[in-house]
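As C-alpha cells, the structure follows; a few thoughts come after it.
The values are calculated or read from the model by the stated rules, or taken from the named source; none is laboratory data. Given the structure is predicted, the values throughout are model-derived calculations rather than measurements. Don't worry about glycine lacking a Cβ; one is built from the backbone with ideal geometry, like all the others, and counts go over all protein chains shown.
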Amino acid sequence: MTKAGVERLREELATLKKVERPKVIAAIAEARAHGDLKENAEYHAAREQQSFIEGRIQHLEYSISHAQIIDVSRLNAGDKVVFGATVTLADENSGEETTYQIVGDVEADIKRNLIAVSSPISRALISREIGDVVTVRAPGGEREYEIVNVEYR
C-alpha cells in the first residue's frame with residue numbers, strides 16, 4: 001500500500017470513529033425513545049447503518065495493521081513500471097492520454113485515477129517500460145495503449 005493510501009484510510013477511520021459512530025448511536029437512542037421497536041423503521045435503519053459503520057471500521061483497522069507501506073517517492077525503477085508508479089498512457093486508436101497510479105487493492109479509486117495492482121490494466125503494465133505498447137483485455141474488447149511516461153512521486 002502506498003504511504004498516501006494509508007493516510008487516506010486513517011483519515012476515513014478517524015471520521016468513522018469520531019463523527020459517524022456517535023451520530024448513529026444518537027440516532028438509535030432517539031429512535032428507541034419513540035417506543036415500539038418492532039415496527040420502528042428509523043430504529044432498524046439506524047441499526048443497519050451502525051452495522052455498516054462497524055464493519056467498515058473493522059475492515060479499515062485490519063487493512064491498516066496488515067499493510068506493507070511503500071514510499072513511492074523513494075522508488076527508483078527508472079522507466080520501468082512497478083507498484084506505485086504513475087503511468088501516462090496514450091490510447092493507440094484515439095491518441096487520448098490518461099494518467100493512472102498503480103496502488104494497492106484497498107486504496108484503489110478510479111475516480112482519482114488510482115488503479116489496483118490486481119486490475120487488468122495494471123497487470124498489463126507491470127514490468128513494461130516507456131515506449132512499450134500494451135494490450136489490455138477490457139469488458140468492451142481489447143485496447144492498446146502506449147506507455148508515454150512513468151513517474152514515482
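Regarding the range 48-55, can at least one residue be identified that is free of Cβ contacts under 8 Å to residues at least 24 places away in the same chain and under 30 Å from T135 (Cα atoms)?
No, the conditions are met nowhere in the range 48-55.
For G84, work out the one condition from (1) within 19 Å of the chain's Cα centre (by Cα); (2) touching a residue at least 12 places away in the same chain (Cβ under 8 Å); (3) on the phi < 0 side of the Ramachandran plot it doesn't fulfil.
Here G84 meets the rest and fails (3).
Regarding A67, is this residue among the hydrophobic types (A, V, I, L, M, F, W, C), outside any strand (DSSP E or B), without any contact (Cβ under 8 Å) to a residue 12 or more places away in the chain and farther than 15 Å from R153 by Cα?
No, not satisfied.
Being among the charged types (D, E, K, R) and over 26 Å from I57 (Cβ atoms) is the filter here; which residues of the range 72-127 pass it? Can you show your working first?
Looking only at the range 72-127, we keep the residues that are among the charged types (D, E, K, R), and these are 74, 79-80, 91-92, 96-97, 105, 107, 109, 111-112, 123.
Hits for the range 72-127 are R74, D79, K80, D91, E92, E96, E97, R123.
Could you tell me which residue of the range 99-124 is surrounded by the most Cβ atoms within 10 Å (Cβ to Cβ), considering only residues that are of a type in the set (S, T, N, Q) and on the phi < 0 side of the Ramachandran plot?
Residues of the range 99-124 that are of a type in the set (S, T, N, Q), as a first pass: 99, 101, 113, 118-119, 122.
In the following step, the residues that additionally are on the phi < 0 side of the Ramachandran plot were identified as 99, 101, 118-119, 122.
Numbers: T99: 12, Q101: 24, S118: 11, S119: 17, S122: 22.
Here the answer is Q101.
Can you pull out the residues in the range 125-153 that are among the hydrophobic types (A, V, I, L, M, F, W, C) and either touching a Phe, Trp or Tyr at 6+ places or on another chain (Cβ under 6 Å) or surrounded by 14 or more Cβ atoms within 10 Å (Cβ to Cβ) (or both)? Step through it out loud before you land on a result.
Filtering the range 125-153 for residues among the hydrophobic types (A, V, I, L, M, F, W, C) gives 125-126, 130, 133-134, 136, 138, 147-148, 150.
If the condition is that a residue be among the hydrophobic types (A, V, I, L, M, F, W, C) and either touching a Phe, Trp or Tyr at 6+ places or on another chain (Cβ under 6 Å) or surrounded by 14 or more Cβ atoms within 10 Å (Cβ to Cβ) (or both), then L125, I126, I130, V134, V136, I147, V148, V150 are the ones that fit.
Please work out if A108 is in contact (Cβ under 8 Å) with a residue 12 or more places away in the chain and within 23 Å of L9 (Cβ to Cβ).
Details: in contact (Cβ under 8 Å) with a residue 12 or more places away in the chain: no; within 23 Å of L9 (Cβ to Cβ): yes.
Judged against the criteria, A108 is not a match.
When you look at Q50, is it exposed (fewer than 14 other Cβ atoms within 10 Å of the Cβ), modelled with pLDDT of 90 or more and either closer than 21 Å to R112 by Cα or not charged (D, E, K, R) (or both), yes or no?
Values: exposed (fewer than 14 other Cβ atoms within 10 Å of the Cβ): no; modelled with pLDDT of 90 or more: yes; either closer than 21 Å to R112 by Cα or not charged (D, E, K, R) (or both): yes.
The answer is no for Q50.
Quick check on this structure: which one of A46, A90, A108, A85 is of a type outside the set (V, I, T) and in the same structural domain as K23 (by TED's automatic domain parsing)?
Just a single option satisfies the conditions, and that option is A46.
Yes or no: the range 34-44 includes at least one residue that is at pLDDT below 95, exposed (fewer than 11 other Cβ atoms within 10 Å of the Cβ), hydrophobic (A, V, I, L, M, F, W, C) and part of a helix (DSSP H, G or I).
yes
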